[in-house]
Amino acid sequence: MKTLSKLMAVSALVSASAVGAAELEVTHWWTSGGEAAAVAELAKAFNATEHDWVDGAIAGSGGVARPIIISRIIGGEPMGATQLNHGRQAEEMIEAGLLLDITDVAEANGWADIINPPKLLDACTVDGRIYCAPVNIHSAQWIWLSHEAFAKAGVPVPANWDEFTASADALRAADVVPLAMGQQAWQTELAFGALAVALLDQTTWSAVNIDKDAAVAAGAEYTRVFKAFDDARKLAVGSNVNDWNQATNLVITGQAGGQIHGDWAQGEFQVAGQVAGEDYTCLPGLGFTEVLDTGGDAFYFPVQDDADVEAAQKELAALLVSPEVQVAFNLKKGSLPIRGDIDLSSANDCMQKGLKILAAGNVLPGGNISFTQDTLNQMGDLMTAFWNDHSITVADVQAKYASIIENAD
Amino acid sequence: MQSIAERAVLWSIMLSGLAFVLVRVGLENDLLELAPLALLALAALVALAMIAQMRRLNIFNNRLRGHALGWIIAAGVAYLLSLANEKTVQAAMPAIKSYRKLWKTLDGFADFLVPMFLLFAVVLLIVGTRDTKLDRPGRIERALVSKLPAKIAAIPMAFTAIGVFVIATLWTVYHSFTRSKLLPKSDFEGVFQYERLWSTDRWWISLENLAIYGACSMVFSLVIGFTLATLLDQKIRGEAVFRTILLYPFALSFIVTGLVWQWILTPEFGVQNIVRSLGFENFVFDPLYNSDIVIYGVLIAGLWQGTGFIMVLMLAGLRGIDQDIWKASRVDGIPTWKTYIYIIIPMMRPVFITTLVIIASGIVKVYDLVVAQTSGGPGLSSEVPAKYVYDYMFGGQNLGQGFAASTVMLALVLIPLIPFAYLEFGNRKNG
């Protein structure tokens, strides 16, 4: 019986390969409402070809999904394609030859000319070969403000972080938590990163985040960031939620004044039927500097011993970057597209702001691009400890941060 | 003279096996990589010298020819295994191709086993030619011939035990001295990972939590488990019902236990809310949201899950006590509680030791309970070492750091275990 079913599976495989169609299992961690709607667009586009998209969503954010995905690739059970944040996460798997080289697809479609900002493609490139297809740009330096909450408190909606902290007392008086924050490490780390970009000038920021200069990280300019972060942790007292979309939901329902979070939060406002500028306000760079970082998501294609699968993988790679898919996907997800040559006039207020900054070229590399996952993990631990334990002082946390920067590789 | 030669052969084979294991573990050193085969060659030289001394080698009319033939067949089988790794053979037999990773792993072993088995055959022929009488078998004969079926039957177990417990452990310990990131690397880098580990706050918090959780869980599960068992032992009515109820939590996984207790301890819905609705408006009980006591919240869940099992173990121990002892103590007029403390508990020593080992192993590996109940929060205040290992090994893509942490965990287990095992099992041999 077992042999028979094996035989049938083999013959099914043979007949399938005869027409060249393949099933690709695609793993990703896009599970919140807005994200799921966006990923459905990708699946729709891919299913329109002769291939099949097998959805392999993994719930619980990148911290949970990434180890599962990487273990599968290393353990010899590779999926057809997978989401990862491009940057240093895949570095070693590329060196070990576990990921498919898609340079030919990139050259055939002229990615070098269309992908904007070009740094994105650099993050996919190792020794001149391209290993991933970027799909969107995410920037973390946004604060999302609830009009309803500020109306309750009777204060105007703030225009930057300083005004926001100034209105905190009024919000507390109206029984609104000023700042919503999920309890996962990466979210506090993200808030810290956003404050750093917003409060520092670019030279100081790059000295630490690109050149890893520990002396600057221990310096007076950075003290200002840690002080702001200290304010933030006080403002967030009372926000006992875990996932980022639960925190966003506090803002949507007016239970919290604002949330420092990446632009993917926008998808949630959209799903809830809220309108930018009327129900909520978004401030890139926390209202100070109009600068965004360019982390983002990309698809990697694990090497598989099958020519049909490889063809399907390359087709998917080309499809992900194509203009139609870029428009459909990014409108749903609320992220910025990776090419500058497409029409996104149907995008809402917040996305237009982001597009304008992108067009002006005010971009920085994202954390995933300059730091290894190991360093990010250490920073996450430090920020979580600081965020939750109010007995840790600003001076302590800054000293520890500087030592992590010093040891980063 | 003979016994020295035999000893030399056996020792060089054993050392060669040890060197082979070390090389498989990942020690990359030119000298060491040569060592397994070099030592086998040495053993072979000694064997040749023994043949030269005897001046003849009787192959067909040999007392041990059956055994020698057996080893030659074993060598042949090992050679076949190594053949399966050849590309040409795989091309001819597609059926074995899908297991090529297995063949590749086995090939390394086969290359070592083939000469070793052949050597066994040769030395047995030597021994068989030389010792025609069976008054006292030599060392080689004792090692390779006597009780052979038992030794062969033990091979799968020995392979698993050595593979999993020895090779894998040595491999992990060795790689904790490297800078392995996502994939293991073999370059020795010194104690760098340990320096980083011991300077990490999170690791210290984890150890502190493990100490609190461990001490409390050890004491409370033993005390509560034994008390419950004693109460059930009073020949009460409906004992089976109580036993089932108390043992039931043990049927749940730690994940489910963690989630259940997360709800029970949530201030808005759980215990706090119930007590408040009874009229105590200021009652506060929110261990999972207070960093100072969160580990006790985890402890409660752990005890709830595990105590029933300890109780059953204890009950079995109590039932194993001879009823005559009870009768005797009653005749002497000893109060029941005194009988328990001075007579029954000392008699239950083996049960207590088993229970202790079970509880202790449960403590060191506590991970899923914390993940389900608090995810290490609030902040880092309920982190445990096993979670640190996982987070850095997989989440942080830093194998070296995870290995260093797990090596320390192993050491933490071994430090109390070795003296304990020595006292416990060393004495038995003497007494």
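The values are calculated or read from the model by the stated rules, or taken from the named source; none is laboratory data. Computed from a predicted structure; not experimentally measured. Counting neighbours? That spans all protein chains shown, and the Cβs are built from the backbone with ideal geometry, glycine included. For the accessible areas, the whole protein counts, side chains as well, though only heavy atoms, and no ligand, DNA or RNA atoms are used. Shrake-Rupley method; radii C 1.70, N 1.55, O 1.52, S 1.80 Å.
A few remarks follow.
- Where a residue in the stretch B:98-113 is within 16 Å of residue B:73 (Cα to Cα) and its partner, wherever it lies, is open to solvent by 40 Å² or more (accessible area, probe 1.4 Å) and part of a helix (DSSP H, G or I), with Cβ under 7 Å and at least six apart: B:110/B:79; B:110/B:81
- Residue ID - farthest from the other protein chains (Cβ to nearest Cβ), chosen from residues in the stretch A:359-403 that are free of Cβ contacts under 8 Å to residues at least 60 places away in the same chain and not in a helix (DSSP H, G or I): A:393
- Unique residue being surrounded by fewer than 21 Cβ atoms within 10 Å (Cβ to Cβ), aromatic (Phe, Trp, Tyr), within 14 Å of another protein chain (Cβ to nearest Cβ) and free of Cβ contacts under 8 Å to residues at least 60 places away in the same chain when the list is B:342, B:390: B:390
- Helices (runs of 4 or more DSSP H) fully within the stretch B:73-142 counting 2 or more residues that are open to solvent by 30 Å² or more (accessible area, probe 1.4 Å) and at pLDDT 85 or above: B:100-130
- Qualifying residue in the stretch B:375-390 (condition: basic (Lys, Arg) and modelled with pLDDT under 90): no
- Qualifying position, being open to solvent by 90 Å² or more (accessible area, probe 1.4 Å) and modelled with pLDDT under 90, among B:304, B:263: B:263
- Among the residues making up the stretch A:335-390, a single one is in contact with a strand residue (DSSP E or B) (Cβ under 6 Å, 6 or more places away or on another chain) and hydroxyl-bearing (Ser, Thr, Tyr): A:335.
- Residue that is most open to solvent (accessible area, probe 1.4 Å) [pool: residues in the stretch A:51-66 that are touching an Asp or Glu at 6+ places or on another chain (Cβ under 9 Å) and assigned to a helix (DSSP H, G or I)]: A:63
- For the stretch B:185-205, a residue qualifies if it is more than 10 Å from chain A (Cβ to nearest Cβ), open to solvent by 60 Å² or more (accessible area, probe 1.4 Å) and not in a helix (DSSP H, G or I), and the qualifying residues are B:187, B:188, B:189, B:191.
- Of the listed requirements (1) within 30 Å of residue A:193 (Cα to Cα); (2) in contact with a Pro (Cβ under 8 Å, 6 or more places away or on another chain); (3) not in a helix (DSSP H, G or I), residue A:354 misses just one: (3).
- Identification of strands (runs of 3 or more DSSP E) wholly contained in the stretch A:95-205 with 3 or more residues that are under 30 Å from residue A:307 (Cβ atoms) and not aromatic (Phe, Trp, Tyr) yields A:132-138.
- Residue check, residue B:159 surrounded by 14 or more Cβ atoms within 10 Å (Cβ to Cβ) and either in contact (Cβ under 8 Å) with a residue 12 or more places away in the chain or closer than 27 Å to residue B:109 by Cα (or both): no
- Restricted to the stretch A:221-326, the set of helices (runs of 4 or more DSSP H) holding at least 3 residues that are more than 18 Å from residue A:36 (Cα to Cα), open to solvent by less than 50 Å² (accessible area, probe 1.4 Å) and not assigned by TED's automatic domain parsing to the domain that holds residue A:172 comprises A:307-321.
- Among the candidates B:371, B:357, B:364, residue that is within 14 Å of chain A (Cβ to nearest Cβ) and open to solvent by 20 Å² or more (accessible area, probe 1.4 Å): B:371
- Residue count for the stretch A:74-92 satisfying the condition of being aliphatic (A, V, I, L, M) and away from chain B (no Cβ under 11 Å): 3.
- Considering residues of the stretch B:206-219 that are aliphatic (A, V, I, L, M) and over 20 Å from residue B:380 (Cβ atoms) only, the residue nearest to the other protein chains (Cβ to nearest Cβ): B:215
- Residue list for the stretch B:224-250, restricted to those being touching a residue at least 24 places away in the same chain (Cβ under 8 Å), open to solvent by less than 80 Å² (accessible area, probe 1.4 Å) and part of a helix (DSSP H, G or I): B:224, B:225, B:226, B:228, B:229, B:230, B:232, B:246, B:247, B:249
- If the condition is being away from every other protein chain (no Cβ under 14 Å) and open to solvent by less than 10 Å² (accessible area, probe 1.4 Å), then the stretch A:173-191 contributes A:176, A:178, A:179, A:180, A:191.
- Among all positions in the stretch B:174-184, there is no residue which is of a type in the set (D, E, K, R) and loosely packed, with under 12 Cβ neighbours inside 10 Å.
- Qualifying residue in the stretch B:414-427 (condition: farther than 23 Å from residue B:213 by Cα, within 14 Å of chain A (Cβ to nearest Cβ) and not in a loop (DSSP other than H, G, I, E, B)): no
- Across the stretch A:130-147, not a single residue is classified as more than 20 Å from residue A:263 (Cα to Cα) and open to solvent by 60 Å² or more (accessible area, probe 1.4 Å).
- Pairs where the first residue, in the stretch B:75-91, is closer than 27 Å to residue B:122 by Cα and the second is not in a helix (DSSP H, G or I), C-beta under 9 Å, 6+ apart: B:84/B:93; B:84/B:99
- Exactly one residue out of B:221, B:253 is under 31 Å from the mean Cα position of the chain (by Cα) and buried (at least 19 other Cβ atoms within 10 Å of the Cβ): that is B:221.
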